[in-house]
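Novice: Mind having a look at this structure? Questions to follow.
Just so it is clear, none of the values below were taken in a lab; they were calculated from the coordinates. Being a predicted model, the structure only gives us computed values, none of them experimental. Here the Cβ is made from the backbone with ideal geometry for all residues, glycine too, and neighbour counts use every protein chain on show.
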Amino acid sequence: MEKRTFANPAINDAATFIKTSSETNGEYTLIEIELGKSDGPPLHYHNAFSERFEVKEGILYVQVGKEKKVLTIGESVIVPAKKPHRFYNETNDKVKFHITLKPGAYRHGKFYKDLLWTCFRWSN
């Protein structure tokens, strides 16, 4: 089995692929993120898919365009394709949240490595 969890020390997170695009016939990709205190990735956008952020534990900060949102357990926000956004954590407590990509994006390892390279200019 391919590795399903990828750590990114550049932004203090770990991403676990719960469902990949190939497992959902391209309908969606579901990723669980655990994020420590971090500025997160820089403002960025995706051409090919939307992202839904849903908080499972803790507090998540999400910037969509110029608007900044604070999400707590059970709250979510959908970021349409091509809309600049970023996520971050201003607290000392970890936040756990799900990201759903629609339609599904890539093979899970390739997607995360591509995301690291594109957003953070860092790859492992």
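Novice: Please list, in order along the stretch 91-104, the HN-Hα scalar couplings obtained from phi with the Karplus expression 6.51 cos²θ - 1.76 cosθ + 1.60 (θ = phi - 60°), rounded to whole Hz, x for Gly and Pro.
Specialist: 3J(HN,Hα) across the stretch 91-104, in whole Hz: 9, 7, 8, 5, 10, 10, 8, 9, 10, 10, 9, 10, x, x.
Novice: May I ask you to sort Ile11, Ile99 by Cβ crowding, counting other Cβ atoms within 10 Å and putting the fewest first?
Specialist: The order, fewest Cβ neighbours first, is Ile99, Ile11.
Novice: So which lysines pass the test for Lys94, namely a Cα distance under 18 Å, with those fewer than 8 places away in the same chain ruled out?
Specialist: List returned: Lys37, Lys56, Lys69.
Novice: Let me ask something else. Based on the Kirkwood radius over alpha-carbon pairs, what is the Stokes-Einstein translational diffusion coefficient of the stretch 5-120 at 4 °C with 1.567 mPa s viscosity, in µm²/s?
Specialist: The Stokes-Einstein estimate is 93 µm²/s.
Novice: When His85, His46 are ordered from fewest to most other Cβ atoms inside 10 Å of their Cβ, what list results?
Specialist: His46, His85
Novice: A follow-up question, please. Ratio of the stretch 8-63's C-alpha Rg to 2.2 N^0.38 Å, to two decimals?
Specialist: Normalised by 2.2 N^0.38 Å, the Cα Rg of the stretch 8-63 equals 1.23.
Novice: Name the long-range amide H neighbours of Ile73: under 5 Å, sequence gap of 5 or more, or other chain; modelled H, no Pro or chain starts.
Specialist: Under 5 Å from the amide H of Ile73 lie the amide H atoms of Gly58, each far enough along the sequence or on another chain.
Novice: For the stretch 71-76, take each phi angle, set θ = phi - 60°, evaluate the Karplus expression 6.51 cos²θ - 1.76 cosθ + 1.60, and give the result in whole Hz per residue in order, putting x for glycine and proline.
Specialist: 10, 10, 3, x, 8, 8
Novice: Along the Cα→Cβ direction, 7 angstrom out, place labels at Ser50 and Ile78. What is the inter-label distance in nm?
Specialist: 0.3
Novice: Quick one: which residues, 5 or more positions from Gly40 or on another chain, have an amide H under 5 Å from its amide H? H modelled 1.01 Å from N in the peptide plane, none for Pro or chain starts.
Specialist: Under 5 Å from the amide H of Gly40: Asn89.
Novice: Using Cβ contacts closer than 10 Å as the measure, can you line up Phe53, Phe87 from fewest to most?
Specialist: Listing Phe53, Phe87 from fewest to most nearby Cβ atoms yields Phe53, Phe87.
Novice: Apply the Karplus parameterisation 6.51 cos²θ - 1.76 cosθ + 1.60, with θ equal to phi minus 60°, to every residue of the stretch 9-26 and state each ³J(HN,Hα) to the nearest whole Hz, in sequence, with x for glycine and proline.
Specialist: x, 4, 10, 6, 9, 9, 10, 10, 7, 7, 9, 9, 4, 5, 7, 10, 6, x
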